[in-house]
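Chemist: Pasting a structure below so you can have a look.
The values are calculated or read from the model by the stated rules, or taken from the named source; none is laboratory data. Given the structure is predicted, the values throughout are model-derived calculations rather than measurements. Counting neighbours? That spans all protein chains shown, and the Cβs are built from the backbone with ideal geometry, glycine included.
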């Protein structure tokens, strides 16, 4: 198998970030664990959100982790794809709305 920049084995090493900064690493994992517990949103809903965001921020480790997590929570492939499309639509809209900045600058410079 061809080696890529993102080594899938690195995902299993995520907990090791505490080695070089134990206090901050432990605080992060405590926070992270708390965020994904059931609350006003279910852990299942949060998993779908995390999957969509993983695609928007283009994190291959997160995509793998939240695809697996979603499957374990009974999230269907259709729900996953719909969540990804929701994230993609927001990402596209955010890019396009910045076009107004370009339009403003263009109009100002063209005067």
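Chemist: With respect to residue 24, is the statement that it is part of a helix (DSSP H, G or I) and either touching a helix residue (DSSP H, G or I) at 6+ places or on another chain (Cβ under 9 Å) or free of Cβ contacts under 8 Å to residues at least 24 places away in the same chain (or both) true?
Modeler: Against the criterion (part of a helix (DSSP H, G or I) and either touching a helix residue (DSSP H, G or I) at 6+ places or on another chain (Cβ under 9 Å) or free of Cβ contacts under 8 Å to residues at least 24 places away in the same chain (or both)), residue 24 qualifies.
Chemist: Would a scan of segment 78-87 turn up a residue that is without any contact (Cβ under 8 Å) to a residue 40 or more places away in the chain, in contact with a helix residue (DSSP H, G or I) (Cβ under 7 Å, 6 or more places away or on another chain), outside any helix (DSSP H, G or I) and farther than 24 Å from residue 7 by Cα?
Modeler: So far as segment 78-87 goes, no, none of its residues is without any contact (Cβ under 8 Å) to a residue 40 or more places away in the chain, in contact with a helix residue (DSSP H, G or I) (Cβ under 7 Å, 6 or more places away or on another chain), outside any helix (DSSP H, G or I) and farther than 24 Å from residue 7 by Cα.
Chemist: Additional query: Output the number of the condition that residue 30 fails; it satisfies all remaining conditions of (1) touching a helix residue (DSSP H, G or I) at 6+ places or on another chain (Cβ under 9 Å); (2) modelled with pLDDT of 95 or more; (3) part of a helix (DSSP H, G or I).
Modeler: The number of the failed condition is (1).
Chemist: Ok, one more. Out of 68, 46, report the one residue that is touching a helix residue (DSSP H, G or I) at 6+ places or on another chain (Cβ under 8 Å), surrounded by 12 or more Cβ atoms within 10 Å (Cβ to Cβ) and within 25 Å of residue 84 (Cβ to Cβ).
Modeler: None of the other options fit; the residue is 46.
Chemist: Now, a different point. List, please: which pairs have Cβ atoms under 9 Å, are six or more places apart or on different chains, and start with a residue in segment 1-19 that is at positive phi and at pLDDT 90 or above and end with one that is assigned to a helix (DSSP H, G or I) and surrounded by 11 or more Cβ atoms within 10 Å (Cβ to Cβ)?
Modeler: none
Chemist: Look at segment 71-86 and say how many of its residues are farther than 22 Å from residue 38 by Cβ and surrounded by 11 or more Cβ atoms within 10 Å (Cβ to Cβ).
Modeler: 3
Chemist: For segment 58-69, indicate whether the set of residues that are in a loop (DSSP other than H, G, I, E, B) and either at pLDDT 95 or above or within 17 Å of the chain's Cα centre (by Cα) (or both) is non-empty.
Modeler: Checking segment 58-69: at least one residue is in a loop (DSSP other than H, G, I, E, B) and either at pLDDT 95 or above or within 17 Å of the chain's Cα centre (by Cα) (or both).
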